[in-house]
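Visitor: Below is one structure. I have some questions about it.
The values are calculated or read from the model by the stated rules, or taken from the named source; none is laboratory data. Bear in mind that the values here come from a model prediction, so they are computed numbers and not experimental data. All Cβ positions, glycine included, derive from the backbone under ideal geometry; neighbour counts span all protein chains shown. When the accessible area is computed, the model is the full protein with side chains, heavy atoms only, and any ligands, DNA or RNA have been set aside. Shrake-Rupley method; radii C 1.70, N 1.55, O 1.52, S 1.80 Å.
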Protein chains: 2
Amino acid sequence: MVFGNMSENSGTGVGFTRDPGSGEKVFYGEYLLNAQGEDVVAGIRTPHPIADLEQVMPEAFGQLREITTNLEKHYRDMQDFEFTIQEGKLYMLQTRNGKRTGPAAVRIAVDMVEEGMITKKDAVLRVAPSQLDQLLHPVFDTKTLKDLTKLTNGISASPGAAVGRVAFSAEEAVDMAGDGPVLLVRKETTPDDIHGMDVSKGILTAIGGKSSHAAVVARGMGRPCVVGAGEIRINEAKKVFTVNAAGKAITVKQGDFISLDGTTGDVYLGQAKTSEPDMTHDFIGKFMSWTDEFRGKFGVRANADIPRDAKVARQFGAEGIGLCRTEHMFFAEDRLPHVQAMILAEDEKTRRKALQKLLPMQRSDFAGLFKAMDGFPVVIRTLDPPLHEFLPKRENLMVDLAVLPYADARQKKEMAARYNVAVGELKKYLPQLLHRVEELHEFNPMLGLRGCRLGILFPEITEMQARAIFEAAVQVSQKGIKVIPEVMIPLIGSVEELDNQKKIVVRVAEEIFAKAGHKVEYMVGTMIEIPRAALTADKVAKEAQFFSFGTNDLTQTTMGLSRDDYTKFQKEYEKQKIFKADPFAVLDQEGVGKLVEMAVKAGRSTRPDLEVGICGEHGGEPSSVGFCYKVGMDYVSCSPYRVPIARLAAAQAAISGDKSEAMRTA
Amino acid sequence: MVFGNMSENSGTGVGFTRDPGSGEKVFYGEYLLNAQGEDVVAGIRTPHPIADLEQVMPEAFGQLREITTNLEKHYRDMQDFEFTIQEGKLYMLQTRNGKRTGPAAVRIAVDMVEEGMITKKDAVLRVAPSQLDQLLHPVFDTKTLKDLTKLTNGISASPGAAVGRVAFSAEEAVDMAGDGPVLLVRKETTPDDIHGMDVSKGILTAIGGKSSHAAVVARGMGRPCVVGAGEIRINEAKKVFTVNAAGKAITVKQGDFISLDGTTGDVYLGQAKTSEPDMTHDFIGKFMSWTDEFRGKFGVRANADIPRDAKVARQFGAEGIGLCRTEHMFFAEDRLPHVQAMILAEDEKTRRKALQKLLPMQRSDFAGLFKAMDGFPVVIRTLDPPLHEFLPKRENLMVDLAVLPYADARQKKEMAARYNVAVGELKKYLPQLLHRVEELHEFNPMLGLRGCRLGILFPEITEMQARAIFEAAVQVSQKGIKVIPEVMIPLIGSVEELDNQKKIVVRVAEEIFAKAGHKVEYMVGTMIEIPRAALTADKVAKEAQFFSFGTNDLTQTTMGLSRDDYTKFQKEYEKQKIFKADPFAVLDQEGVGKLVEMAVKAGRSTRPDLEVGICGEHGGEPSSVGFCYKVGMDYVSCSPYRVPIARLAAAQAAISGDKSEAMRTA
């Protein structure tokens, strides 16, 4: 036992060999004279910056600097130390590798390489992929959070801190966005809400999990998002939500400020302060370039649907687009009417007419993606979602139809505006529309008429999309930009389905090349997202030039788990240790992973040069990225804002996971 | 070339060595004098019964009898022959094994064994399992069909012919059933409709496939059923359906007679004549007993939920119940209110109170099943379906709530009756109910809160069911009847889920045995109906004492195919040869079967004496039964009315499929 409280020539302190917040190489810490360790931590007396110690006890200070520098060299890492000075004599109490923020972790790792203390490999292994999140998203100033009431804790779906006024519908969010930051609060989001999500600083939903619509879209947009906040009760009509928090029922009205943390899932009433990330530091670029050295050929692509997202993805280092969801382009205001006309068409001719309207729009989107990806591959998935997603909701239509006979002039006018018809037409139009919606209604849309099933039933849709892809490819390629389209057929369960759709794609491509007198290299492949496709992968690979694992759907089907509904029992399942982690965030290697591994092996047994990747949400989750490397995939693809994380996780997997090399093809 | 039209001493005829309709051993056929073969077939002249030929040309007749008898002996099968007599001299033109009806096939096979012509094994192999259908269900008199207009052809979901007056709701079916035969016509059926299905001679639905609710329940009841008749448009409000047939729009009103053939899927306007099956013939019993000899230990059980069905199953030769769906007992009028109270309960205490009401009802059901199965095993599945199935439909509630402010007294009264509350309470009750229904609403209920997930979230439900099972088992066993309960946990994806539920079952069982001072042997096992359970079967078998493959759900998840929705593209998929057969009728051996085989092997690798069976609809389909035998299952289980078919298919598999013996355990 030594005593720092023996005299004014004694003291105690704690410190770090570098700044654990910023990573800067400064001697960092604090001390108190005539005090014991607890006094420093307890906060009763205000300690002094450690630098001041040099004036007070120059000898002890010099010794402390020397010892801690040696400790850092010995342990080859930033040290977190405690010391006591008794009557002028320095005693070291403890030293350990210090905890640090994400930015500090990167900076320290880079500095130590440049100081010759560690290797690049050490540096890459030392930063946890999750620590990069702090470099990519705004974070809360934790001090300002203390004054706010915590409303609830939901599922952290897209990282980062956001502050804004509550809007309960996409339309209101758009209206309010001009006057300052908005947060969109919805029971759940649907493709209709995209314009509202786009103008919002963050998104909060009452239901859904990590791969719900809100979560996927928010991550794609890099927008903070909390989902499945089951404790909040939204009353959309009254434009309020209520929640029991801090021992009372709190009502939050439209326009009230809330703050949400998409990294932790916490939601607060009021305005917290946030600090913006800064990716421009030199050390970050250096660090990321090292990760690329180590991951070698194991690629990282991004899921991006529009040229804007593709550009963000490139900035984050994506080497191509692993998933372009063509239908995300269908919800734009100028397109939806044509999409609806296509769906409501009673015959092929009418349908083709509507498709003709969509063709130039899709073509220009694809051209934009090809340009943004300049020489990198672009995987384009043909139409995937059930058609009723593009139509009004059945139950709302039923209610409108039931209320119509009693509606007054104002209500009728509102209704007419909603359905984009004249008031006088409502009586005829609503039953017709409902009839078609009923025809398309499904009990389990996830397992219904979607994916390649749509293209097989309506080949003219696939045809239009193939035309848009290859016309755009030829156009861009003729400008001297290298274009690598990879056309991906979704939701196949058998090689016959792929074959059916591939024939259409190849025919259209050849037609366009012949007409233009200009060829473009391309591939046709498939998503593996249904267990049957994985189980018959050897046969599927006869037609598929590439596989891309759609692990969202593959998790849903393999586990019999709807990503929109599982939050009802998720918490209990985590409590009972049935879920070791959220299976829609972290790939279930034991079950889903087993199918993935089987399919990679079977596919390569038929076609050794089969390109294999993943485009499910797991493609940006570190442990899942490691798994993908291990089973021999060629690349992972994830939301643009997760690309740096995936690059780091891939590098770490490559460093530690050499055993997979045997499985990988050149 | 010989000439039967050379003189009155010439002639021609066709015949069978036995009656191809009944199988009776009589010389069967017809002839014409002074005629050529075409004259007999063309139907211009009326041919004479072949027996008459004996009077006209005794010598030629005697020769014909001798030759055809020898041909039959040579080919060891009933012969279908053609002959010509030219100037008194007999010429045989052709002979081949004759086509025959189901009853004839069985009778001929049995007779030939008794005549020493073929072995029992030959006999069993000679009857196609599908031919037994004709012995089990009424069939149409095809002559009377010719006068009727064929309305449409749907999916044949449950075999047999039915004639009745159209009813558009379960309630109307019940009301009308007193006045004569009724056919229930619905867009789809739900558990609410069971009482209406029960009083109907047959069921016709506009949507759904071979494993839709209507199909499964109808097969269980042995009621003819046609589903997915997409061409009919039902207007429930007007109580009519319309269909384009015979070149015009036909409207069928409530009370109009229609005839439907569940074997072919055909639906006719008007009343056809039917003939009832007769299973009492000696030869049928003999034939079935031979099938049992050959299938040996490979068992056939039945899916039966109530004692009445269990008795039918025993009569058809079932050796136990492979699946009792406990929830089918929950829709009875005296139970549904308690089930709803259980669901609407906000806390465990209220829920337990409602469960307490259900306990004696479930106990008496189980006691009935155990008695009926006297010494044979009874597999009882714990609660499986999503809870909202027991509540009013969300969209109907939304409409009622929207219309309530405008409703007049009569409408309000109707509404109040529908929800079983006073008129004055509607305003408060409907929003409350809707709120709970919204909470339970799921986007993909098939993949949602159901199966073991219910029991894990609400352990008191499993507890009550276990209590009912073991109290009934002890009760019946104490009367000296052997009871073999097998408690089956549905929808598990991991061994942890099974373990959670098994603990409850075992605890309750031990409590009851201790209290009664009486023990009953029992097993706890699981359904394998989710790919993940199959993929981790080695681990699942650590806790499971038996596996039962739920191939309906396993097909849905493995193929990503909703059985309620796939009929939208089924026809196109069959046309394109993507589906070689309906995957919900014939097990997809390449995909789903691969998982099944993997799981059987993995399960037995952990627990060599693991009991393995199938309880999906495929358990009664001949080719699937063969597959089950081949992969080493111990038994198949199917609807009671398909038990004889399964017994025959099992025998045929056992005869031809010896290679699987290695996989089977004693």
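Visitor: What about B:SER494, is it within 23 Å of B:ALA304 (Cα to Cα), of a type outside the set (Val, Ile, Thr) and over 29 Å from the mean Cα position of the chain (by Cα)?
Guide: No: the conditions fail for B:SER494.
Visitor: Count, please, the residues in region B:185-226 that happen to be part of a helix (DSSP H, G or I), more than 17 Å from the chain's Cα centre (by Cα) and buried (at least 21 other Cβ atoms within 10 Å of the Cβ).
Guide: 2
Visitor: Only residues that are more than 11 Å from chain A (Cβ to nearest Cβ) and either within 20 Å of A:GLY550 (Cβ to Cβ) or open to solvent by less than 10 Å² (accessible area, probe 1.4 Å) (or both): list them for region B:548-558, please.
Guide: B:SER548, B:PHE549, B:THR551, listed by residue number.
Visitor: Using the structure shown, decide if A:ASP374 is within 14 Å of chain B (Cβ to nearest Cβ) and either open to solvent by 30 Å² or more (accessible area, probe 1.4 Å) or closer than 30 Å to B:MET398 by Cβ (or both).
Guide: Judged against the criteria, A:ASP374 is not a match.
Visitor: What do you reckon, is A:GLU471 away from chain B (no Cβ under 12 Å), modelled with pLDDT of 95 or more and either assigned to a helix (DSSP H, G or I) or touching a Phe, Trp or Tyr at 6+ places or on another chain (Cβ under 6 Å) (or both)?
Guide: So A:GLU471 passes the test.
Visitor: Is there any pair with a first residue in region B:426-445 that is hydroxyl-bearing (Ser, Thr, Tyr) and a second that is part of a helix (DSSP H, G or I) whose Cβ atoms are under 8 Å apart and which are 6 or more apart or on different chains, and what are they?
Guide: B:TYR429/B:TYR419
Visitor: For region B:342-353, state whether one or more residues are closer than 21 Å to B:ALA170 by Cα, exposed (fewer than 15 other Cβ atoms within 10 Å of the Cβ) and without any contact (Cβ under 8 Å) to a residue 40 or more places away in the chain.
Guide: no
Visitor: Hey, among A:LEU491, A:LEU454, which residue is aliphatic (A, V, I, L, M), touching a Cys at 6+ places or on another chain (Cβ under 9 Å) and within 10 Å of chain B (Cβ to nearest Cβ)?
Guide: A:LEU491
Visitor: Next up: Can you tell me which of A:LYS571, A:LYS630, A:LYS577 is among the basic types (Lys, Arg), in contact with a Lys or Arg (Cβ under 8 Å, 6 or more places away or on another chain) and farther than 20 Å from A:ARG219 by Cα?
Guide: Just one listed residue meets the conditions, A:LYS630.
Visitor: Restricting attention to region B:78-129, which residues are over 23 Å from B:TRP290 (Cβ atoms) and of a type in the set (Gly, Ala, Ser)?
Guide: Passing the criteria: only B:GLY88.
Visitor: Can you tell me which residues in region B:130-172 are outside any strand (DSSP E or B), of a type in the set (A, V, I, L, M) and either open to solvent by 40 Å² or more (accessible area, probe 1.4 Å) or under 21 Å from B:VAL243 (Cα atoms) (or both)? Quick ask: steps written out before the conclusion?
Guide: Of region B:130-172, the ones outside any strand (DSSP E or B) are B:130-138, B:141-148, B:154, B:159-160, B:168-172.
Those still in the list that are of a type in the set (A, V, I, L, M) too: B:132, B:135-136, B:145, B:148, B:170.
Correct list: B:LEU145, B:LEU148.
Visitor: Need the failing condition index for B:THR536 against (1) in contact with a Leu (Cβ under 8 Å, 6 or more places away or on another chain); (2) within 14 Å of chain A (Cβ to nearest Cβ); (3) under 30 Å from B:LYS210 (Cβ atoms), just the number.
Guide: Failing condition for B:THR536: (1).
Visitor: Taking region A:1-59 as the region of interest, how many residues are of a type in the set (A, V, I, L, M), farther than 30 Å from A:VAL110 by Cβ, in contact with a strand residue (DSSP E or B) (Cβ under 8 Å, 6 or more places away or on another chain) and open to solvent by 20 Å² or more (accessible area, probe 1.4 Å)?
Guide: 5
Visitor: Scan region A:284-325 for residues that are open to solvent by 30 Å² or more (accessible area, probe 1.4 Å) and under 21 Å from A:ILE118 (Cβ atoms) and jot them down.
Guide: Those that are open to solvent by 30 Å² or more (accessible area, probe 1.4 Å) and under 21 Å from A:ILE118 (Cβ atoms): A:GLY285, A:LYS286, A:SER289, A:ASP292, A:GLU293, A:PHE294, A:GLY296.
Visitor: A follow-up question, please. Which numbered condition in (1) assigned to a helix (DSSP H, G or I); (2) open to solvent by less than 10 Å² (accessible area, probe 1.4 Å) is the only one that A:ASP499 fails?
Guide: (2)
Visitor: If you take the residues in region A:396-424 that are away from every other protein chain (no Cβ under 14 Å) and in contact with a Pro (Cβ under 9 Å, 6 or more places away or on another chain), which one is least open to solvent (accessible area, probe 1.4 Å)?
Guide: A:TYR419
Visitor: Now for a separate question. What do you reckon, is A:ILE250 touching a residue at least 12 places away in the same chain (Cβ under 8 Å), among the β-branched types (Val, Ile, Thr) and open to solvent by 10 Å² or more (accessible area, probe 1.4 Å)?
Guide: So A:ILE250 fits the description; yes.
Visitor: If you don't mind, another one. Restricting region B:575-586 to residues that are more than 10 Å from every other protein chain (Cβ to nearest Cβ) and over 18 Å from B:GLY230 (Cβ atoms), which is nearest to the chain's Cα centre (by Cα)?
Guide: B:VAL586
Residues checked against (1) away from chain B (no Cβ under 14 Å); (2) open to solvent by less than 10 Å² (accessible area, probe 1.4 Å); (3) among the basic types (Lys, Arg); (4) within 21 Å of A:GLY160 (Cβ to Cβ):
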{"site": "A:GLY560", "(1), (2), (3), (4)": "no, yes, no, no"}
{"site": "A:TYR573", "(1), (2), (3), (4)": "no, yes, no, no"}
{"site": "A:ASP588", "(1), (2), (3), (4)": "no, no, no, no"}
{"site": "A:LEU595", "(1), (2), (3), (4)": "no, yes, no, no"}
{"site": "A:GLU621", "(1), (2), (3), (4)": "yes, no, no, yes"}
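Visitor: Identify, from the list B:LYS482, B:LYS427, the residue that is assigned to a helix (DSSP H, G or I), surrounded by fewer than 20 Cβ atoms within 10 Å (Cβ to Cβ) and either at pLDDT 90 or above or within 14 Å of chain A (Cβ to nearest Cβ) (or both).
Guide: Result: B:LYS427 is the single residue among B:LYS482, B:LYS427 that is assigned to a helix (DSSP H, G or I), surrounded by fewer than 20 Cβ atoms within 10 Å (Cβ to Cβ) and either at pLDDT 90 or above or within 14 Å of chain A (Cβ to nearest Cβ) (or both).
Visitor: I'm trying to understand the selection: among the residues of region A:127-151, which are β-branched (Val, Ile, Thr) and at pLDDT below 95?
Guide: Start the filter on region A:127-151 by keeping residues that are β-branched (Val, Ile, Thr), which leaves A:127, A:139, A:142, A:144, A:149.
A:VAL139, A:THR142, A:THR144, A:THR149, listed by residue number.
Visitor: Continuing with this model, one more query. Pairs needed: first member in region B:360-376, of a type in the set (D, E, K, R); second member anywhere, open to solvent by less than 20 Å² (accessible area, probe 1.4 Å); C-beta distance under 7 Å; at least 6 residues apart or different chains.
Guide: Correct list of pairs: B:ARG363/B:ALA468; B:ARG363/B:ALA472; B:ASP365/B:MET329; B:LYS371/B:VAL476.
Visitor: Considering each of A:GLU529, A:GLU521 in turn, give the residue that is more than 8 Å from chain B (Cβ to nearest Cβ) and charged (D, E, K, R). Step through it out loud before you land on a result.
Guide: Details: A:GLU529 fails: more than 8 Å from chain B (Cβ to nearest Cβ).
Only one candidate qualifies: A:GLU521.
Visitor: Within region A:97-111, track down each residue that is touching a strand residue (DSSP E or B) at 6+ places or on another chain (Cβ under 8 Å) and not in a loop (DSSP other than H, G, I, E, B).
Guide: Hit for region A:97-111 is A:ASN97, nothing else.
Visitor: Those residues that are more than 12 Å from A:VAL163 (Cβ to Cβ), open to solvent by 30 Å² or more (accessible area, probe 1.4 Å) and not in a loop (DSSP other than H, G, I, E, B), I need them from region A:253-273; list them, please.
Guide: Matches in region A:253-273: A:LYS253 only.
Visitor: Looking at (1) more than 19 Å from A:ASP538 (Cβ to Cβ); (2) more than 14 Å from every other protein chain (Cβ to nearest Cβ); (3) touching a residue at least 40 places away in the same chain (Cβ under 8 Å), which is the only condition A:GLY613 fails?
Guide: (1)
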